[in-house]
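The values are calculated or read from the model by the stated rules, or taken from the named source; none is laboratory data. None of these values were measured; they are calculated from a predicted model. Cβ coordinates were reconstructed from backbone atoms using ideal geometry, including for glycine residues, and neighbour counts include every protein chain displayed.
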Amino acid sequence: MGDAVIGRAIAVAMLAAAAVTPAWADLKEDFQECVAQGQSLLNNDAAKVVAACSRLADAGNAEGEYHLGVLLENGQGMTQDYAAAARWYHAAAEQGFALAQYSLGYMYERGLGVPQDNVQAHLWYNLAAAQGNADAAQARDFVAHRMSQPQIATAQRLAANWRPKVGS
């Protein structure tokens, strides 16, 4: 993803949080300004984005957890750390956040920050695909070509039994 796309996505998440969380009122104006200008938050003030995402993530907000994962995965505004990115993706994915489920599937498929595991990749891609993520469906099908039938059955069973957790 480009910086502008990531920045706008983070801004939208932070604005949503600001609307329901008084602690975010001080950031609302900065994010509105960045979105209105159509500029990447990362180019404007990476430290502010990292701090905002960190506060949301620490509070168990799935969008904040996901966006902090994106920043960590890409080394934007902070040192690249695949293991930490995977942990934040996992926290958001466990809450049912489809983009995090897709990203976590990718991490498992590639072995980035987690052991490479096609069963886990298939599981997380499948959960994201069930929410309408077409890229996840395509990735799941691609991973399935490298799996045995018992592995696919295991991944499908895990997906069928999976339930979201509230707050992580």
With the first residue restricted to the range 146-168 and required to be touching a residue at least 60 places away in the same chain (Cβ under 8 Å), and the second required to be surrounded by 13 or more Cβ atoms within 10 Å (Cβ to Cβ) and charged (D, E, K, R), Cβ contacts under 8 Å at 6 or more apart or on different chains are P164/E94; K165/E94; S168/E65; S168/E94
So the helices (runs of 4 or more DSSP H) completely within the range 1-118 holding 3 or more residues that are at pLDDT 55 or above, farther than 23 Å from D135 by Cα and over 14 Å from the mean Cα position of the chain (by Cα) are 41-58
Expected single match for of a type in the set (S, T, N, Q) and over 15 Å from the mean Cα position of the chain (by Cα) among Q131, Q151 is Q151
Checked the range 59-114 for anything of a type in the set (A, V, I, L, M, F, W, C), within 21 Å of R140 (Cβ to Cβ) and touching an Asp or Glu at 6+ places or on another chain (Cβ under 6 Å); matches are A85, A92
